[in-house]
């Protein structure tokens, strides 16, 4: 039997590329996002393999109805890859509560709204697989990432707790922590992005991780290891090092322009 994956945030970037690669591997894939035209383009590219189900993940009732329709019309969800997300840099000069709130609505509640109804289906079947996209930015506070980074830290913490709760119930939980990937989300970044990966190569690593029993799927691994090492340092050294390193990288970036 073909397995069914539901991918949110699937109109572009990692979500769209994952849908394509899974479809090529024989999965049935349901794609959701707000951009209906991009989802329909994916469906037309892979007829009978990819199914477009537009949905605003910030709307809880809409998400519940979408899950019901998917399972009634396409089949039981085996993998829920919850990938909806947004990034708007915020700094000392442009911080607003509204921007912070919007990040949480999309990046955190866009995942929670999906987990709740899908978890009930997984409980009934006695099996299931969640994967949710966080980020290496969730490891620690970083410049221009007050809103975004804190949402990803919240997702990492949530995924850890969900893993513990689901461990004895045959439900796999994984967290995906990408570094810099060439996607529309990163295309507007005006700062250096070390070890940036092509999206197709990143998704190959992602799918390899989905097929493993690892809790965390991260790529490129050397970049995540560097950040994890920095995070293990005492606060006084860690915060100074991050500040110094990013200021130096920004200065180099401006010099090249």
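Data table
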item: Residues within segment 120-145 that are surrounded by fewer than 18 Cβ atoms within 10 Å (Cβ to Cβ), in contact (Cβ under 8 Å) with a residue 12 or more places away in the chain and outside any loop (DSSP other than H, G, I, E, B), tallied; result: 3
item: Some residue of segment 216-229 being in a helix (DSSP H, G or I), modelled with pLDDT of 90 or more and over 30 Å from residue 203 (Cα atoms); result: no
item: Boolean, residue 233 is surrounded by 13 or more Cβ atoms within 10 Å (Cβ to Cβ), assigned to a loop (DSSP other than H, G, I, E, B), out of contact with any helix residue (DSSP H, G or I) (no Cβ under 6 Å at 6 or more places or on another chain) and at pLDDT 85 or above; result: yes
item: Odd one out for residue 161, checked against (1) in a loop (DSSP other than H, G, I, E, B); (2) at pLDDT 95 or above; (3) surrounded by fewer than 17 Cβ atoms within 10 Å (Cβ to Cβ); result: (1)
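The values are calculated or read from the model by the stated rules, or taken from the named source; none is laboratory data. Source: prediction; values computed, not measured. Ideal geometry is used to build each Cβ from the backbone, glycine not excepted, and the neighbour counts take in all protein chains shown.
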